Amino acid sequence: IVSKYNYDEVNLNIDCPSGRVSGKRKFGAILMHDKETAFAMVNTMRENNNKIRVPISVKTRVGIELDDGSVFDTADHLFEFIGELRNRGCRRFVIHARKCVIGGLSPAQNRLVPPLNYPRVYELCHRFPDCDFILNG
């Protein structure tokens, strides 16, 4: 598909807070918690990309709060997550500087209510200087 339509980039969206996306279907922001699935997806993207050679990117948030009350909103969690995605071949990241609240906020509220955490994004840039970070939100 990528070569057929001449895509410039392949992006994995680990940002969407919608319950329809991050619920039973297991894609979107829930992949910040279901990390092994996210890592496997990036592996597959990289392996298939060896034939077509377009950049792979991941769009994600700085943290996630699940509907069961579990919170994964620390710098260490984010740095480990980005580090492992980097180790698997992703070097371009689009970072939404708010945590995602699944089940407690609507997608529209998730774009406004959680506080922005620009310092965490800046730290990503310092920790991973060989990666490109695009700030979104």
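The values are calculated or read from the model by the stated rules, or taken from the named source; none is laboratory data. For clarity, every value in this text was computed on a predicted model and none was experimentally measured. All Cβ positions, glycine included, derive from the backbone under ideal geometry; neighbour counts span all protein chains shown. Side chains included, ligands, DNA and RNA excluded: accessible areas come from the protein's heavy atoms. Shrake-Rupley method; radii C 1.70, N 1.55, O 1.52, S 1.80 Å.
Given the options Gly69, Gly63, name the one that is more than 22 Å from Glu9 (Cα to Cα) and touching a Lys or Arg at 6+ places or on another chain (Cβ under 9 Å).
None of the others qualify; the one that does is Gly63.
Residue-by-condition table, conditions (1) assigned to a loop (DSSP other than H, G, I, E, B); (2) loosely packed, with under 15 Cβ neighbours inside 10 Å:
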site: Arg61; (1), (2): no, no
site: Ile64; (1), (2): no, no
site: His77; (1), (2): no, no
site: Asp130; (1), (2): yes, yes
site: Ile134; (1), (2): no, yes
site: Gly137; (1), (2): yes, no
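Could you pull out the residue among Ala29, Ala40 that is more than 12 Å from the chain's Cα centre (by Cα) and at negative phi? First the steps, then the outcome.
On the way: Ala29 fails: more than 12 Å from the chain's Cα centre (by Cα).
None of the others qualify; the one that does is Ala40.
State yes or no: is Gly104 open to solvent by 20 Å² or more (accessible area, probe 1.4 Å) and within 21 Å of Gly28 (Cβ to Cβ)?
yes
Confirm whether Val2 is out of contact with any Gly (no Cβ under 6 Å at 6 or more places or on another chain) and modelled with pLDDT of 90 or more.
Judged against the criteria, Val2 is not a match.
Given (1) under 17 Å from Thr37 (Cβ atoms); (2) outside any helix (DSSP H, G or I), identify the lone condition not met by Phe93.
Single failed check for Phe93: (1).
Quick one: which residue in Val54, Val71, Val42 is crowded, with 18+ Cβ neighbours inside 10 Å and either of a type outside the set (Ser, Thr, Tyr) or under 20 Å from Val2 (Cβ atoms) (or both)?
Numbers: Val54 fails: crowded, with 18+ Cβ neighbours inside 10 Å; Val71 fails: crowded, with 18+ Cβ neighbours inside 10 Å.
Criteria check complete, one pass: Val42.
For the stretch 80-96, indicate whether the set of residues that are open to solvent by 40 Å² or more (accessible area, probe 1.4 Å), more than 17 Å from Asn13 (Cα to Cα), free of Cβ contacts under 8 Å to residues at least 24 places away in the same chain and charged (D, E, K, R) is non-empty.
yes
Which of the residues belonging to the stretch 107-122 are in contact with a strand residue (DSSP E or B) (Cβ under 6 Å, 6 or more places away or on another chain), open to solvent by 50 Å² or more (accessible area, probe 1.4 Å) and assigned to a helix (DSSP H, G or I)?
Tyr118
So Gly104 ticks every box in (1) within 25 Å of Asp130 (Cβ to Cβ); (2) part of a loop (DSSP other than H, G, I, E, B) but one. Which box is left unticked?
(1)
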